[in-house]
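K.L.:
Can you read through this structure? Questions will come right after.
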Amino acid sequence: MRYLILIISLLIVTVFAFAFWIMPEQLEPTNHSQSQGKALIGGDFSAIDHTGNPFTQDNLKGRYSLIYFGFTHCPDICPTSLLVMANSIDDLGDKAEQILPVFISVDPERDTQDAMAQYVSNFHPRLVGVTGTPEQIKHLAQVYKVYFSKVEQPDSAIDYLVDHSGFIFLMNPQGEYITHFPHNVAQQELTATLRGHIK
Ligand code: NI
């Protein structure tokens, strides 16, 4: 009888833990509510940019940022999203400076500072490439609730790909989460949302 009570108690605890703790962590951030998002996405991190300078949460302050996680060997999704980001920012004309575009690598092993420098220059002159140690990148991904996982490609010259969530995050000038877009967001929609926020 004592064991039965123990087992039932454990079950109840497990169910509650799953419902209130594990479940929200696992969910993709589809909720656009500001108050919830601010608590869930973003926060302190440290990494380096493609010029070798430290890049931290402080670099997100003072203007809006668009943040995308991906990797330079990504065959199509990352380049497409980065191009849409770059074009949307250019759509803003003389207000474009108010948005900082940021590309964070989920493949720090191959995406060295030099690799990032070369890659970001293909997309936008102000695009900041961010990389770091595997630990720093793991932390960054956790802070932004971004999933990534290496997928070995044994029959390919590329060795491996990195499966990753493809959200574009919009952060405010305090470095706090405002909203996010899917990787395939239309340029017009992205531009319209940016216009709605900047002055
Ligand atoms: Ni990608």
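We did not get these values from a lab; they are worked out from the coordinates using the rules stated. The structure presented is a predicted model; accordingly, all values stated were derived computationally and were not measured. Counting neighbours? That spans all protein chains shown, and the Cβs are built from the backbone with ideal geometry, glycine included.
K.L.:
Which FRET efficiency value, to the nearest 0.05, do you get for Asp159 and Asp94 by plugging their Cβ-Cβ distance into 1/(1 + (r/R0)^6) with R0 = 45 Å?
P.N.:
On the way: r = 44 Å, r/R0 = 0.97.
Rounded to the nearest 0.05, the efficiency is 0.55.
K.L.:
Each residue of the range 122-138 in order: what ³J(HN,Hα) in whole Hz does its phi give by Karplus 6.51 cos²θ - 1.76 cosθ + 1.60, θ = phi - 60°, with x for Gly and Pro?
P.N.:
Karplus values, whole Hz, x for Gly and Pro: 6, 10, 7, x, 9, 5, 9, x, 10, 9, x, 6, x, 5, 5, 5, 4.
K.L.:
Under 17 Å between alpha carbons: how many lysine pairs meet that in the range 52-199, if sequence neighbours fewer than 8 apart on the same chain are excluded? Let's see the in-between values first.
P.N.:
Numbers: Lys61/Lys95; Lys61/Lys199; Lys95/Lys199; Lys138/Lys150.
Lysine pairs meeting both conditions in the range 52-199 amount to 4.
K.L.:
I've got another one for you. Could you pull out every residue, at least 5 positions away or on a different chain, whose amide H is within less than 5 Å of the one on Phe45? Hs are placed 1.01 Å off N in the peptide plane, and Pro or chain starts have none.
P.N.:
Gln57
K.L.:
Please list, ordered by chain and number, the residues whose modelled amide H lies under 5 Å from the amide H of Val130; skip anything fewer than 5 residues away on the same chain.
P.N.:
For Val130, whose amide H was placed from the backbone, the distant partners under 5 Å are Phe103, Ile104, Ser105.
K.L.:
Okay, next question. Please give the net charge around Val84, taking every other residue with its beta carbon less than 13 angstrom from that of Val84, where Lys and Arg add +1 and Asp and Glu add -1.
P.N.:
Local charge sum for Val84: -4.
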